[in-house]
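Data block below; observations after.
The values are calculated or read from the model by the stated rules, or taken from the named source; none is laboratory data. Please read all numbers here as calculations on a predicted model, not as lab measurements. Glycine gets a Cβ as well: all are built from the backbone with ideal geometry, and neighbour counts include every protein chain shown. In case anyone asks, the SASA skips ligands and DNA or RNA and just uses the protein heavy atoms, side chains included. Shrake-Rupley method; radii C 1.70, N 1.55, O 1.52, S 1.80 Å.
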Amino acid sequence: MIRRREISVVMVASVICALLAAHPAASQSWPTRPVTMVVPFAAGGATDVMARVLAPRLSELLGQQVIVENVGGAGGMTGVARVAKAPPDGYQFVLGNAGTQAISQTLYKQPLYNSLTDLVPVGMVAQTFFILITRKDLPATTLPEFIAYARANRAKMQYASAGVGSTSHMMCVLLNIAMGADITHVPYRSTIIAMPDMMAGRIDFICDAVETAAQQIQGNTVKAIAVLAPSRSAVLPDLATAAEQGVAGLALSGWYGLFFPKGTPEGIVRRLSSAASAAVDTPAVRERIEGLGINMIPPERRTSEFLARFLPAEIEKWAVPIRASGLSMD
């Protein structure tokens, strides 16, 4: 009887050792099949644009195709939740942003995931900022004129966003606070989906990411009012910031970062982190990113360790205006 128990213990120990030995081997060989990058917003939006700039070069660096899959809903939480619940084998990761990873944690009473414990940070890939754009026929050309118009017409105005809790939503919430006007919010699955409604006059304004706003501004389909960032945009050099136009408190930036499900092997996390950093350093990719108006970030801020330190502070940063606004979602 004792002998059988000894054999059983040896067998169990052997199995555990075999699994532990296979774990780093699996990390070293990853990926052996296509990998899915989940974009938690609809196709054509700012996050989708960033993903499709990165994916081809990531595919080359990893030796397997990186497939972009759009999983929108709940201000981006639906897509992130899918990745958070996925097997931690390295074959699904999400391109998150300030809205999905930071704002959601305070805005929603019961977010679909815990950004700090349900996901593993891979690294930041870029920094973005927002532009206040309006329908072409809105009778304002500067931020002071826009604020005066909004205060006088608040009851009939509407603004769009990429969903409740998205960064575009919260930027407009901050704008409302600065104006002292509570404008009606109309959430979409992506700001790009809202553009036709704004062009048709059904939506009055959007606080949109520069990479999608600039295209519309340069195409003369919308009117640009202000850069909601600390400095002007290289792709819109003549457009003044909110601060330059006399309005403080509207100089916040957004960002993009990659995340795996909790439990993903460290070797896989580091491999994707290294590939993502190399991808944005590729001249053709860098040129495309900068051409969209997105800011590059230095290599030391692209690491998993940096993002792990950055995210808790980012959650707290956004918690302040969310609580001040009294906004809360079930």
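A few notes on this one:
- Largest first, the extents of the alpha carbon coordinates of the range 60-127 on the three principal axes equal 41, 28, 22 Å.
- Convex hull volume per residue for the range 153-204, taking Cα atoms only, in Å³: 64
- Sequence-separation-based contact order of the range 46-161, relative, with Cα cut under 8 Å and 6+ spacing, percent: 15
- Extension gain, E266-A319: 0.36 nm per intervening residue step, less the Cα-Cα distance, totals 16.1 nm.
- Accessible area in square angstrom per residue, the chain, 1.4 angstrom probe: 43
- Computed about the Cα centre, the dipole magnitude for the range 110-202 is approximately 260 debye when only Lys and Arg (+1) and Asp and Glu (-1) carry charge, each at its Cβ.
- Entries in K109/K223; K136/K156; K85/K317; K109/K317; K109/K262 that, when Cα-Cα distance is taken, lie over 25 Å: K109/K223; K85/K317
- Set the Cα radius of gyration of the range 253-306 against 2.2 N^0.38 Å, with N its number of residues, and you get 1.22.
- A protection proxy built from the mean count of other Cβ atoms within 10 Å ranks the segments 39-50, 87-98, 154-165, most packed first, as 39-50, 87-98, 154-165.
- Ordering of 134-145, 191-202 by packing [mean C-beta count within 10 Å, highest first]: 191-202, 134-145
- Net charge dipole size for the range 202-330 [Lys, Arg +1 and Asp, Glu -1 on Cβ; Debye, nearest 20]: 220
- For the chain, the longest principal axis of the alpha carbon atoms and the long axis of helix 304-325 meet at an angle near 40°.
- Beta bridges by DSSP in the chain, antiparallel share as percent, to the nearest 5: 60
- Ranked by the mean number of other Cβ atoms within 10 Å of their residues, highest first, the peptides 53-62, 298-307, 73-82 fall in the order 73-82, 53-62, 298-307.
- Crossing angle, helix 143-152 versus the chain [Cα axis fit, 0-90 degrees, rounded to tens]: 80
- Of the accessible area of the range 151-213, computed with a 1.4 Å probe over protein heavy atoms only, carbon and sulfur atoms account for 52 percent.
- For I67, distant residues with modelled amide H under 5 Å away: V35, T36, M37
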